[in-house]
Amino acid sequence: MPTIVSVDDSTVPGEGSSRLLLLVSSDNKHIVVEEDIMSRSRFISKQVEGFEATSQRHAILLPFSSFVLNKVIEYCSHYRGYYLLEDDPDAAPPGRSPVREWDQEFLDVDRNMLLRIIKAAHYLEIKSLVGSCARAIADMIRGKTTEEMREILGVENDFTPEEEHSPSSKCTG
Amino acid sequence: MPCRLFPSAAAPSTALPPELLTRVFTFAVRLDPPRMSAAMEKHLGWIRVSHVCRYWRDVALGARILWRHIDIGELSHRWHTEMLGRSGATPLHITSGSPRPGPIDVLPDVLDNHFFRIAELDVVVSPENDGTCDRLGDIFTPPAPLLEEVRIESCSASMATMITPDQTGDGAAGFAPKLRSISLYDCRFSFYRFPIYPRLTYLAITMNVNKHPYPFVELNTSQSQRLNNFISSLQGMPCLESLILQGCLPCFIAETLPRDVHHRPPQTFLSRSLWPDH
(Lines give C-alpha, C1' and ligand atoms only; values in the text may rest on other atoms or scores of the structure.)
Protein backbone atom coordinates (compact mmCIF):
# COMPACT_ATOMS: atom_id res chain seq x y z
CA MET A 1 0.00 0.00 0.00
CA PRO A 2 1.61 3.30 -1.00
CA THR A 3 2.06 6.18 1.36
CA ILE A 4 0.25 9.30 0.27
CA VAL A 5 0.30 12.84 1.55
CA SER A 6 -2.25 15.55 0.90
CA VAL A 7 -1.19 18.43 -1.27
CA ASP A 8 -2.90 21.66 -2.09
CA ASP A 9 -3.82 22.86 -5.53
CA SER A 10 -0.94 25.29 -5.66
CA THR A 11 1.47 22.35 -5.46
CA VAL A 12 -0.09 20.38 -8.23
CA PRO A 13 -1.67 22.44 -10.97
CA GLY A 14 -4.15 20.01 -12.36
CA GLU A 15 -7.10 22.01 -13.64
CA GLY A 16 -5.99 22.28 -17.25
CA SER A 17 -6.42 19.84 -20.05
CA SER A 18 -3.10 18.25 -19.18
CA ARG A 19 -3.32 17.08 -15.60
CA LEU A 20 -0.21 16.86 -13.53
CA LEU A 21 0.91 14.48 -10.85
CA LEU A 22 3.31 15.05 -8.03
CA LEU A 23 5.64 12.14 -7.43
CA VAL A 24 7.90 12.12 -4.40
CA SER A 25 10.99 9.95 -4.48
CA SER A 26 12.62 8.23 -1.53
CA ASP A 27 15.27 10.97 -1.42
CA ASN A 28 12.43 13.46 -1.04
CA LYS A 29 12.68 14.99 -4.47
CA HIS A 30 9.37 16.33 -5.79
CA ILE A 31 8.84 15.60 -9.44
CA VAL A 32 5.87 16.94 -11.36
CA VAL A 33 4.87 14.87 -14.37
CA GLU A 34 1.93 14.83 -16.71
CA GLU A 35 -0.61 12.17 -15.89
CA ASP A 36 -0.68 10.96 -19.49
CA ILE A 37 2.99 10.13 -19.38
CA MET A 38 2.58 7.88 -16.38
CA SER A 39 -0.57 6.19 -17.65
CA ARG A 40 1.58 3.22 -18.69
CA SER A 41 1.95 2.51 -14.98
CA ARG A 42 -1.01 0.54 -13.69
CA PHE A 43 -0.03 1.49 -10.18
CA ILE A 44 -0.19 5.21 -10.94
CA SER A 45 -3.44 4.76 -12.89
CA LYS A 46 -5.03 3.07 -9.91
CA GLN A 47 -3.83 5.88 -7.65
CA VAL A 48 -5.35 8.46 -9.96
CA GLU A 49 -8.64 6.58 -10.00
CA GLY A 50 -8.56 6.69 -6.23
CA PHE A 51 -8.04 10.44 -6.32
CA GLU A 52 -11.01 10.89 -8.59
CA ALA A 53 -13.18 8.81 -6.30
CA THR A 54 -12.36 11.00 -3.33
CA SER A 55 -12.07 14.28 -5.24
CA GLN A 56 -8.74 14.85 -3.54
CA ARG A 57 -5.33 15.03 -5.08
CA HIS A 58 -2.30 13.67 -3.37
CA ALA A 59 1.37 13.42 -3.94
CA ILE A 60 2.43 9.86 -4.52
CA LEU A 61 5.39 8.76 -2.45
CA LEU A 62 7.54 6.18 -4.14
CA PRO A 63 10.14 3.95 -2.53
CA PHE A 64 12.97 4.59 -4.94
CA SER A 65 15.35 7.44 -5.64
CA SER A 66 14.79 10.39 -7.94
CA PHE A 67 17.57 9.08 -10.15
CA VAL A 68 15.65 5.87 -10.77
CA LEU A 69 12.32 7.66 -10.97
CA ASN A 70 13.61 10.05 -13.60
CA LYS A 71 14.83 7.11 -15.61
CA VAL A 72 11.39 5.51 -15.47
CA ILE A 73 9.77 8.81 -16.44
CA GLU A 74 12.16 9.05 -19.38
CA TYR A 75 10.99 5.62 -20.52
CA CYS A 76 7.32 6.49 -20.12
CA SER A 77 7.82 9.80 -21.92
CA HIS A 78 9.48 8.10 -24.86
CA TYR A 79 6.56 5.72 -25.31
CA ARG A 80 3.84 8.19 -24.44
CA GLY A 81 0.71 7.36 -26.38
CA TYR A 82 2.17 4.24 -27.97
CA TYR A 83 0.73 0.79 -27.67
CA LEU A 84 3.61 -1.55 -26.97
CA LEU A 85 3.42 -5.15 -28.05
CA GLU A 86 6.12 -5.64 -25.45
CA ASP A 87 3.44 -5.12 -22.83
CA ASP A 88 3.43 -8.86 -23.33
CA PRO A 89 7.03 -9.52 -24.36
CA ASP A 90 6.35 -13.22 -24.71
CA ALA A 91 4.09 -12.38 -27.62
CA ALA A 92 6.64 -10.12 -29.23
CA PRO A 93 8.18 -11.46 -32.41
CA PRO A 94 11.83 -12.36 -32.17
CA GLY A 95 14.53 -10.37 -33.85
CA ARG A 96 15.27 -6.71 -34.12
CA SER A 97 12.71 -4.01 -33.66
CA PRO A 98 12.98 -0.24 -33.16
CA VAL A 99 11.48 -0.67 -29.71
CA ARG A 100 14.02 -3.26 -28.72
CA GLU A 101 16.91 -1.19 -30.05
CA TRP A 102 15.82 1.92 -28.16
CA ASP A 103 15.30 -0.12 -25.02
CA GLN A 104 18.74 -1.67 -25.32
CA GLU A 105 20.33 1.76 -25.49
CA PHE A 106 18.12 3.05 -22.71
CA LEU A 107 19.07 0.13 -20.47
CA ASP A 108 22.77 0.33 -21.20
CA VAL A 109 23.44 1.13 -17.55
CA ASP A 110 25.41 -0.53 -14.79
CA ARG A 111 24.13 -3.62 -13.04
CA ASN A 112 22.83 -1.92 -9.92
CA MET A 113 20.96 0.68 -11.90
CA LEU A 114 19.40 -1.98 -14.11
CA LEU A 115 18.23 -3.91 -11.06
CA ARG A 116 16.84 -0.76 -9.48
CA ILE A 117 14.95 0.09 -12.66
CA ILE A 118 13.36 -3.35 -12.96
CA LYS A 119 12.25 -3.22 -9.34
CA ALA A 120 10.83 0.27 -9.80
CA ALA A 121 9.03 -0.86 -12.97
CA HIS A 122 7.67 -3.85 -11.09
CA TYR A 123 6.43 -1.62 -8.27
CA LEU A 124 4.83 0.75 -10.75
CA GLU A 125 3.40 -2.17 -12.74
CA ILE A 126 4.92 -1.17 -16.07
CA LYS A 127 4.96 -4.53 -17.80
CA SER A 128 6.83 -3.49 -20.90
CA LEU A 129 9.69 -2.00 -18.89
CA VAL A 130 9.83 -5.05 -16.63
CA GLY A 131 10.05 -7.23 -19.73
CA SER A 132 12.78 -5.13 -21.32
CA CYS A 133 14.83 -5.10 -18.11
CA ALA A 134 14.38 -8.84 -17.64
CA ARG A 135 15.53 -9.42 -21.19
CA ALA A 136 18.54 -7.16 -20.64
CA ILE A 137 19.52 -9.11 -17.52
CA ALA A 138 19.05 -12.40 -19.33
CA ASP A 139 21.31 -11.06 -22.07
CA MET A 140 23.96 -10.25 -19.47
CA ILE A 141 24.11 -13.83 -18.22
CA ARG A 142 23.66 -15.56 -21.56
CA GLY A 143 26.39 -18.07 -22.26
CA LYS A 144 28.12 -17.32 -18.97
CA THR A 145 29.46 -19.84 -16.49
CA THR A 146 27.90 -20.12 -13.07
CA GLU A 147 30.79 -18.21 -11.52
CA GLU A 148 30.54 -15.47 -14.14
CA MET A 149 26.80 -15.11 -13.44
CA ARG A 150 27.58 -14.63 -9.74
CA GLU A 151 30.12 -11.95 -10.55
CA ILE A 152 27.91 -10.15 -13.03
CA LEU A 153 24.92 -9.92 -10.72
CA GLY A 154 26.75 -9.82 -7.41
CA VAL A 155 25.24 -13.02 -6.09
CA GLU A 156 26.88 -14.93 -3.28
CA ASN A 157 27.45 -18.64 -3.65
CA ASP A 158 25.78 -20.04 -0.56
CA PHE A 159 26.02 -23.71 -1.52
CA THR A 160 28.20 -25.70 0.81
CA PRO A 161 31.11 -27.45 -0.90
CA GLU A 162 29.25 -30.72 -0.41
CA GLU A 163 26.09 -29.33 -1.99
CA GLU A 164 27.96 -27.82 -4.86
CA HIS A 165 29.42 -31.15 -5.83
CA SER A 166 26.32 -33.17 -5.05
CA PRO A 167 24.15 -34.29 -7.94
CA SER A 168 21.06 -33.58 -5.87
CA SER A 169 22.13 -29.98 -5.26
CA LYS A 170 22.86 -29.38 -8.87
CA CYS A 171 21.07 -31.32 -11.52
CA THR A 172 21.46 -34.77 -12.76
CA GLY A 173 22.22 -35.61 -16.31
CA MET B 1 24.09 -16.86 7.71
CA PRO B 2 22.64 -15.88 4.37
CA CYS B 3 18.94 -15.27 4.12
CA ARG B 4 17.36 -18.16 2.27
CA LEU B 5 14.73 -16.22 0.43
CA PHE B 6 16.67 -13.07 -0.27
CA PRO B 7 20.31 -14.06 0.05
CA SER B 8 21.51 -10.69 -1.07
CA ALA B 9 19.57 -8.77 1.56
CA ALA B 10 22.86 -7.25 2.58
CA ALA B 11 23.04 -5.72 -0.87
CA PRO B 12 19.41 -4.85 -1.57
CA SER B 13 20.16 -3.37 -4.96
CA THR B 14 20.87 -6.83 -6.30
CA ALA B 15 18.01 -8.75 -4.69
CA LEU B 16 15.20 -9.53 -7.07
CA PRO B 17 11.90 -10.95 -5.82
CA PRO B 18 10.99 -14.39 -7.17
CA GLU B 19 8.51 -13.11 -9.74
CA LEU B 20 11.13 -10.87 -11.32
CA LEU B 21 13.82 -13.50 -11.22
CA THR B 22 11.41 -15.90 -12.91
CA ARG B 23 10.84 -13.26 -15.59
CA VAL B 24 14.58 -13.06 -16.18
CA PHE B 25 14.82 -16.82 -16.36
CA THR B 26 11.94 -16.91 -18.84
CA PHE B 27 13.99 -14.83 -21.25
CA ALA B 28 17.10 -16.87 -20.48
CA VAL B 29 15.24 -20.01 -21.57
CA ARG B 30 14.78 -18.51 -25.00
CA LEU B 31 18.14 -16.79 -25.30
CA ASP B 32 20.35 -19.59 -24.03
CA PRO B 33 18.81 -23.02 -24.62
CA PRO B 34 20.68 -26.19 -23.65
CA ARG B 35 22.54 -27.76 -26.51
CA MET B 36 25.18 -30.23 -27.48
CA SER B 37 28.23 -28.77 -29.16
CA ALA B 38 29.64 -30.09 -32.40
CA ALA B 39 32.08 -32.06 -30.25
CA MET B 40 29.05 -33.50 -28.39
CA GLU B 41 29.89 -31.57 -25.25
CA LYS B 42 26.92 -30.76 -23.11
CA HIS B 43 26.07 -27.07 -22.64
CA LEU B 44 23.37 -26.59 -20.06
CA GLY B 45 22.68 -23.03 -21.18
CA TRP B 46 20.11 -21.27 -19.03
CA ILE B 47 19.85 -24.28 -16.70
CA ARG B 48 23.07 -23.08 -15.10
CA VAL B 49 21.06 -20.42 -13.25
CA SER B 50 19.98 -23.20 -10.92
CA HIS B 51 23.63 -23.67 -9.90
CA VAL B 52 24.28 -20.06 -8.91
CA CYS B 53 22.93 -20.05 -5.35
CA ARG B 54 20.19 -21.63 -3.30
CA TYR B 55 17.76 -18.81 -3.89
CA TRP B 56 18.14 -18.90 -7.65
CA ARG B 57 17.88 -22.65 -7.59
CA ASP B 58 14.68 -22.54 -5.52
CA VAL B 59 13.17 -19.97 -7.88
CA ALA B 60 14.17 -21.92 -10.99
CA LEU B 61 12.87 -25.23 -9.70
CA GLY B 62 9.69 -23.60 -8.44
CA ALA B 63 8.85 -22.05 -11.81
CA ARG B 64 7.45 -24.98 -13.73
CA ILE B 65 6.88 -23.01 -16.91
CA LEU B 66 10.65 -22.75 -17.35
CA TRP B 67 10.95 -26.50 -17.80
CA ARG B 68 8.21 -27.01 -20.33
CA HIS B 69 10.38 -26.18 -23.36
CA ILE B 70 12.10 -29.46 -24.05
CA ASP B 71 14.33 -29.97 -27.05
CA ILE B 72 14.43 -33.72 -27.32
CA GLY B 73 17.23 -33.47 -29.85
CA GLU B 74 19.55 -32.04 -27.21
CA LEU B 75 21.00 -33.19 -23.89
CA SER B 76 20.46 -36.64 -22.51
CA HIS B 77 17.47 -38.85 -21.81
CA ARG B 78 18.08 -38.30 -18.09
CA TRP B 79 17.80 -34.58 -18.57
CA HIS B 80 14.60 -34.92 -20.56
CA THR B 81 13.10 -37.03 -17.81
CA GLU B 82 14.24 -34.49 -15.23
CA MET B 83 12.70 -31.62 -17.17
CA LEU B 84 9.45 -33.49 -17.69
CA GLY B 85 9.24 -33.98 -13.94
CA ARG B 86 10.12 -30.39 -13.13
CA SER B 87 7.53 -29.05 -15.55
CA GLY B 88 4.77 -30.52 -13.39
CA ALA B 89 1.49 -30.40 -15.26
CA THR B 90 2.21 -27.37 -17.42
CA PRO B 91 1.56 -27.61 -21.16
CA LEU B 92 4.67 -28.87 -22.94
CA HIS B 93 6.50 -27.45 -25.92
CA ILE B 94 8.36 -30.39 -27.41
CA THR B 95 10.82 -29.77 -30.18
CA SER B 96 13.68 -31.48 -31.90
CA GLY B 97 14.36 -28.36 -33.82
CA SER B 98 18.10 -28.50 -33.65
CA PRO B 99 19.76 -28.11 -37.03
CA ARG B 100 21.27 -31.56 -36.83
CA PRO B 101 18.57 -34.00 -35.81
CA GLY B 102 19.83 -36.93 -33.82
CA PRO B 103 18.39 -39.76 -31.79
CA ILE B 104 15.29 -38.79 -29.89
CA ASP B 105 15.10 -41.63 -27.41
CA VAL B 106 12.70 -39.86 -25.11
CA LEU B 107 9.99 -39.37 -27.72
CA PRO B 108 8.14 -42.65 -27.10
CA ASP B 109 7.98 -41.83 -23.39
CA VAL B 110 6.72 -38.33 -24.17
CA LEU B 111 4.06 -39.65 -26.52
CA ASP B 112 2.97 -42.42 -24.18
CA ASN B 113 2.91 -40.51 -20.91
CA HIS B 114 2.73 -36.81 -21.63
CA PHE B 115 0.85 -36.42 -24.89
CA PHE B 116 -2.22 -35.17 -23.08
CA ARG B 117 -0.34 -32.03 -22.02
CA ILE B 118 1.62 -31.22 -25.14
CA ALA B 119 0.75 -27.82 -26.53
CA GLU B 120 3.33 -27.67 -29.29
CA LEU B 121 5.09 -30.52 -31.03
CA ASP B 122 7.83 -29.83 -33.53
CA VAL B 123 9.70 -32.97 -34.46
CA VAL B 124 12.20 -33.82 -37.15
CA VAL B 125 12.38 -37.57 -37.68
CA SER B 126 15.88 -38.41 -38.76
CA PRO B 127 17.18 -41.67 -40.26
CA GLU B 128 18.44 -42.66 -36.78
CA ASN B 129 14.86 -42.66 -35.63
CA ASP B 130 13.22 -44.99 -38.09
CA GLY B 131 11.69 -46.87 -35.19
CA THR B 132 10.10 -43.69 -33.98
CA CYS B 133 8.12 -43.30 -37.17
CA ASP B 134 5.70 -45.96 -36.09
CA ARG B 135 5.15 -44.25 -32.76
CA LEU B 136 4.47 -40.98 -34.50
CA GLY B 137 1.91 -42.78 -36.57
CA ASP B 138 -0.42 -42.78 -33.61
CA ILE B 139 0.08 -39.17 -32.85
CA PHE B 140 -3.39 -38.03 -33.81
CA THR B 141 -5.15 -40.88 -32.14
CA PRO B 142 -5.03 -40.22 -28.38
CA PRO B 143 -6.86 -37.23 -26.95
CA ALA B 144 -4.75 -34.08 -27.01
CA PRO B 145 -6.82 -31.47 -25.20
CA LEU B 146 -4.00 -28.90 -25.09
CA LEU B 147 -2.43 -29.48 -28.49
CA GLU B 148 -2.26 -26.29 -30.55
CA GLU B 149 0.53 -26.75 -33.06
CA VAL B 150 2.04 -29.78 -34.75
CA ARG B 151 4.98 -29.76 -37.12
CA ILE B 152 6.50 -33.04 -38.23
CA GLU B 153 9.25 -33.38 -40.78
CA SER B 154 10.51 -36.73 -41.89
CA CYS B 155 14.09 -36.93 -43.06
CA SER B 156 13.86 -40.67 -42.83
CA ALA B 157 13.94 -43.00 -45.79
CA SER B 158 10.78 -44.62 -44.50
CA MET B 159 8.27 -41.88 -44.14
CA ALA B 160 6.42 -41.34 -40.92
CA THR B 161 2.85 -42.39 -41.49
CA MET B 162 0.26 -40.24 -39.85
CA ILE B 163 -2.78 -42.21 -38.87
CA THR B 164 -5.70 -40.00 -38.10
CA PRO B 165 -8.58 -41.05 -35.90
CA ASP B 166 -11.26 -42.90 -37.78
CA GLN B 167 -13.78 -40.29 -36.96
CA THR B 168 -15.28 -37.28 -38.63
CA GLY B 169 -17.87 -34.78 -37.62
CA ASP B 170 -18.17 -33.01 -34.30
CA GLY B 171 -16.69 -35.90 -32.41
CA ALA B 172 -13.24 -35.16 -33.75
CA ALA B 173 -13.19 -31.96 -31.71
CA GLY B 174 -12.70 -34.11 -28.66
CA PHE B 175 -9.34 -35.31 -29.91
CA ALA B 176 -7.66 -31.96 -30.30
CA PRO B 177 -10.15 -29.15 -29.77
CA LYS B 178 -7.44 -26.44 -29.65
CA LEU B 179 -5.40 -27.59 -32.62
CA ARG B 180 -4.85 -24.61 -34.93
CA SER B 181 -1.80 -25.49 -37.00
CA ILE B 182 -0.62 -28.67 -38.72
CA SER B 183 2.53 -28.80 -40.85
CA LEU B 184 3.63 -32.13 -42.27
CA TYR B 185 6.69 -32.55 -44.47
CA ASP B 186 7.27 -35.85 -46.22
CA CYS B 187 4.79 -37.65 -44.01
CA ARG B 188 2.16 -39.92 -45.41
CA PHE B 189 -1.24 -38.86 -44.32
CA SER B 190 -4.63 -40.41 -44.59
CA PHE B 191 -6.84 -38.07 -46.53
CA TYR B 192 -9.55 -40.65 -46.43
CA ARG B 193 -9.95 -40.29 -42.70
CA PHE B 194 -8.90 -36.73 -42.28
CA PRO B 195 -10.63 -35.46 -39.15
CA ILE B 196 -12.35 -32.17 -38.63
CA TYR B 197 -10.45 -29.77 -36.41
CA PRO B 198 -12.85 -26.92 -35.68
CA ARG B 199 -10.15 -24.40 -34.76
CA LEU B 200 -7.60 -25.29 -37.40
CA THR B 201 -6.38 -22.17 -39.20
CA TYR B 202 -3.28 -23.51 -40.94
CA LEU B 203 -2.80 -26.78 -42.75
CA ALA B 204 0.29 -27.55 -44.79
CA ILE B 205 1.06 -30.96 -46.22
CA THR B 206 4.18 -30.98 -48.34
CA MET B 207 5.74 -33.89 -50.16
CA ASN B 208 9.05 -34.14 -51.90
CA VAL B 209 7.76 -35.98 -54.95
CA ASN B 210 11.26 -36.87 -56.02
CA LYS B 211 11.84 -38.77 -52.80
CA HIS B 212 8.37 -40.19 -52.35
CA PRO B 213 6.49 -40.66 -55.63
CA TYR B 214 3.72 -42.72 -53.98
CA PRO B 215 2.85 -40.95 -50.76
CA PHE B 216 -0.67 -42.26 -50.30
CA VAL B 217 -1.56 -44.49 -47.45
CA GLU B 218 -4.71 -45.92 -48.93
CA LEU B 219 -3.89 -46.49 -52.55
CA ASN B 220 -6.68 -48.97 -52.82
CA THR B 221 -9.38 -46.62 -51.69
CA SER B 222 -11.51 -45.29 -54.45
CA GLN B 223 -10.21 -41.97 -55.61
CA SER B 224 -13.53 -40.18 -55.66
CA GLN B 225 -14.41 -41.28 -52.15
CA ARG B 226 -11.04 -40.10 -50.95
CA LEU B 227 -11.57 -36.72 -52.55
CA ASN B 228 -15.06 -36.33 -51.16
CA ASN B 229 -14.02 -37.19 -47.66
CA PHE B 230 -11.09 -34.81 -47.75
CA ILE B 231 -13.12 -31.92 -49.10
CA SER B 232 -15.88 -32.66 -46.67
CA SER B 233 -13.39 -32.42 -43.81
CA LEU B 234 -12.00 -29.13 -45.10
CA GLN B 235 -15.49 -27.71 -45.36
CA GLY B 236 -16.06 -28.60 -41.75
CA MET B 237 -13.24 -26.35 -40.61
CA PRO B 238 -14.65 -22.81 -40.62
CA CYS B 239 -11.47 -21.24 -39.22
CA LEU B 240 -9.14 -22.59 -41.89
CA GLU B 241 -7.31 -19.65 -43.46
CA SER B 242 -4.23 -21.19 -45.03
CA LEU B 243 -4.17 -24.43 -46.95
CA ILE B 244 -0.95 -25.58 -48.53
CA LEU B 245 -0.92 -28.88 -50.38
CA GLN B 246 2.26 -29.55 -52.28
CA GLY B 247 3.03 -32.76 -54.07
CA CYS B 248 0.52 -34.70 -52.06
CA LEU B 249 -2.48 -34.83 -54.37
CA PRO B 250 -2.63 -36.66 -57.65
CA CYS B 251 -3.53 -34.47 -60.59
CA PHE B 252 -7.10 -35.64 -60.84
CA ILE B 253 -7.83 -34.61 -57.27
CA ALA B 254 -5.90 -31.37 -57.34
CA GLU B 255 -7.66 -30.25 -60.50
CA THR B 256 -11.01 -31.02 -58.97
CA LEU B 257 -10.35 -29.39 -55.63
CA PRO B 258 -12.55 -26.31 -55.55
CA ARG B 259 -11.03 -23.03 -54.60
CA ASP B 260 -14.01 -22.22 -52.45
CA VAL B 261 -13.74 -25.15 -50.10
CA HIS B 262 -13.72 -22.69 -47.26
CA HIS B 263 -16.71 -20.86 -45.97
CA ARG B 264 -14.71 -17.95 -44.79
CA PRO B 265 -12.08 -15.80 -46.48
CA PRO B 266 -9.24 -15.14 -46.48
CA GLN B 267 -7.79 -18.27 -47.85
CA THR B 268 -4.30 -16.96 -48.00
CA PHE B 269 -2.73 -19.61 -50.08
CA LEU B 270 -3.78 -22.70 -51.89
CA SER B 271 -0.87 -24.39 -53.51
CA ARG B 272 -1.72 -27.06 -56.01
CA SER B 273 1.71 -28.21 -56.85
CA LEU B 274 0.79 -31.52 -58.29
CA TRP B 275 1.83 -35.02 -57.81
CA PRO B 276 2.13 -36.41 -61.32
CA ASP B 277 -0.82 -38.57 -62.24
CA HIS B 278 0.15 -42.23 -62.50
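Data overview
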{"read-out": "Environment charge of residue B:179, counting only residues whose C-beta is closer than 11 Å and scoring Lys/Arg +1, Asp/Glu -1", "value": "0"}
{"read-out": "Under 5 Å, built H, 5+ apart or other chain: amide partners of residue B:178", "value": "B:147"}
{"read-out": "Residue B:43-residue A:113 FRET efficiency (beta carbon distance; Förster radius 45 Å; 0.05 resolution)", "value": "0.90"}
{"read-out": "Label-point gap, in nm, between residue B:76 and residue A:34 - each point 7 angstrom along Cα→Cβ", "value": "6.0 nm"}
{"read-out": "Chain lengthening between residue A:148 and residue A:104 when straightened (0.36 nm per residue, less Cα-Cα)", "value": "13.7 nm"}
{"read-out": "Area of residue B:197 that stays accessible when all protein chains are in place (1.4 Å probe, Å², to 10)", "value": "0 Å²"}
{"read-out": "Inter-site label distance for residue A:42 and residue B:58 at 7 Å from Cα along Cβ, in nm", "value": "2.6 nm"}
{"read-out": "Solvent-accessible area buried by pairing A with B, both sides, nearest 100 square angstrom, 1.4 angstrom probe", "value": "3300 Å²"}
{"read-out": "Drop in accessible area of at least 30 Å² in the complex versus isolated chain, residues of region A:104-118, 1.4 Å probe", "value": "A:115, A:118"}
{"read-out": "Charge sum, other residues only, whose C-beta stays under 15 Å from residue A:109's C-beta, Lys/Arg counted +1 and Asp/Glu -1", "value": "-1"}
{"read-out": "Where labels lie 7 Å past Cα in the beta-carbon direction, separation of residue A:82 and residue A:160 in nm", "value": "5.2 nm"}
{"read-out": "Local electrostatic count at residue B:149 - Lys and Arg +1, Asp and Glu -1, tallied over other residues with Cβ under 15 Å", "value": "+1"}
{"read-out": "Partner chain coverage, peptide A:138-149 - average Cβ within 10 angstrom", "value": "6"}
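The values are calculated or read from the model by the stated rules, or taken from the named source; none is laboratory data. This is a predicted model, so every value here is computed, not measured. Quick reminder, even Gly has a Cβ in these numbers, built from the backbone with ideal geometry, and neighbours come from all protein chains shown. Ligands, DNA and RNA are excluded from the accessible area calculation, which covers all protein heavy atoms including side chains. Shrake-Rupley method; radii C 1.70, N 1.55, O 1.52, S 1.80 Å.
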